[in-house]
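Working notes for the structure below.
Values in this text are rule-based calculations from the coordinates and carry no lab data. Bear in mind that the values here come from a model prediction, so they are computed numbers and not experimental data. Cβ atoms come from the backbone with ideal geometry, glycine included; neighbour counts cover every protein chain shown.
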Amino acid sequence: WQIDEWAGAHPGRIIPLALVPYWSGDAAAEEVRRVAKKGCRAICFLDNPAARGFASVHDAMWEPLWKACNDERVVINCHIGTGSEPPHSSDLSPMNAWITSMPISVANAAADWLHLAALHRYPDLKIALSEGGIGWIPYFLERSEFTFDHHIWTNVDMGGKRPADVFREHFITCFISDKFGLKNYEEIGEDIIAYECDYPHSDCTWPYAPEQIWSEIKDLPVPVINKITHENVMRDYSYNPFSILDREDCTVGSLRAKATHVNTEPKSQPGFNPDKGRGVVTSGDVAAAFGR
């Protein structure tokens, strides 16, 4: 229903993301091929299935899934915290401390995926680090290179390539707001960076997302801006919005002009209201609110 009814009713506005079974690599591969026939080019996947009691990404069980994603050009999207929960020091820690570390926490899973042997067998296998940010990527790549050279005793096989090269061939990095990462885009790779607005999560900058991203990318070369804002995603997700709307109709100004009847003023919703004088919200408070 998500693909046929929800997304299908508004092509170009809603882009579907599929879920696959975790108990069988064959069943997961079958689902990838099924949704690919419907035009869905992305699946959601745990950043670390083993942390949720499923097979590790290094388990041979997943081989059919890797092959299906490669053959169908379907991107594997690993959202932060979906497998290995972002660590926090204690339930008394301020929630801000936990939120601050959440994007960076996906680095652990990224290191694991980087050493996935299937990457050397399937050149079109792509992994997106959803909401992971990009500022930490330059050091991550530097560290992976150092480890590869310094710890030969581990017998790691990178398929005859350098770790940083494998990363740039198979990974898509995503950011909401990341001035430092954008200043260092050349150390990351301009072809693997993608902007995401994260609507409707609390980290998103909506309804001022266009102004926010422009303030961070306006000094970059125009070809790089185009890659980061849409071209990289169009290529990796096999998606062409200009086949649905003319290019001039896809601009921020044009789309906003079509939505003048929509109220986009931010308003408070139920939740942790800082005006209630409750003090600092802790990790434990939020965990309790979710019944954990």
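What residue among Lys267, Lys126, Lys218 shows peak mean-square fluctuation when the chain is described by a Gaussian network model with Cα springs under 10 Å?
Largest GNM mean-square fluctuation: Lys267.
Show that you can apply the helix-only estimate: for the chain, add -39,500 (n - 2.57) for every DSSP H stretch of four or more residues, divide by all residues, and state [θ] at 222 nm to the nearest 500.
So the calculated ellipticity at 222 nm is -9500 deg cm²/dmol.
List the equivalent ellipsoid semi-axes of region 30-116 in whole Å, largest first, each obtained as the square root of 5λ for an eigenvalue λ of the Cα gyration tensor.
Computed over region 30-116, the values are 29, 14, 10 Å.
So what is the relative contact order of region 32-180, in percent, for Cα pairs below 8 Å that sit 6 or more residues apart?
Normalised by residue count, the contact order of region 32-180 is 24 percent.
What is the packing order of peptides 278-289, 14-25, 162-173, taking the mean over residues of other C-beta atoms within 10 Å and listing the highest first?
The packing order, highest mean first, is 162-173, 14-25, 278-289.
Starting from the coordinates of the alpha-carbon atoms of region 188-292, obtain the Kirkwood hydrodynamic radius over all distinct pairs and give the value in Å to one decimal.
After inverting the mean inverse Cα-Cα distance, the result is 17.2 Å.
When the Debye formula is applied to the Cα atoms of region 214-261, each taken as the same point scatterer, what base-10 log of I(q)/I(0) results at q = 0.13 Å⁻¹?
Results for region 214-261 at q = 0.13 Å⁻¹ read -0.38.
For region 91-207, what does the alpha-carbon gyration tensor say about shape, rounded, prolate or oblate, given a ≥ b ≥ c as the root eigenvalues, a/c under 1.5 as rounded, and a/b over b/c as prolate?
Verdict is prolate for region 91-207.
Using the alpha-carbon centroid of each, what span in Å lies between region 144-164 and region 40-68?
23
Using 5 Å bins from zero, what percent of all Cα-Cα pairs in region 171-225 falls into each bin?
With a bin width of 5 Å, the distribution comes to 4, 19, 31, 25, 15, 6, 0.
What percentage of all Cα-Cα pairs in region 1-160 are separated by more than 21 Å?
So the portion of pairs separated by more than 21 Å is 54 percent.
Calculate the all-directions average of the projected area of region 125-169's alpha-carbon convex hull, and give it in nm².
Averaging across all directions leaves 3.6 nm² for the Cα convex hull.
Looking at the chain, I'd like the Rg to Rh ratio, where Rg is from alpha-carbon atoms and Rh is Kirkwood's inverse mean 1/r.
0.97
Over the chain, what is the percentage of antiparallel beta bridges among all DSSP beta bridges, to the nearest 5?
Once the DSSP bridges in the chain are tallied, antiparallel ones form about 5 percent.
Given the alpha-carbon gyration tensor of region 9-70, what are the semi-axes of its equivalent ellipsoid in whole angstrom, ordered largest first, with each equal to the square root of 5 times an eigenvalue?
Here the semi-axes work out to 24, 13, 8 Å.
Which residue, chosen from Cys78, Met95, Ala7, occupies the Cα position most advanced towards the positive end of the dipole of region 1-136, where the dipole is computed from +1 (Lys, Arg) and -1 (Asp, Glu) charges on Cβ about the Cα centre?
Ranked along the dipole, the leading option is Ala7.
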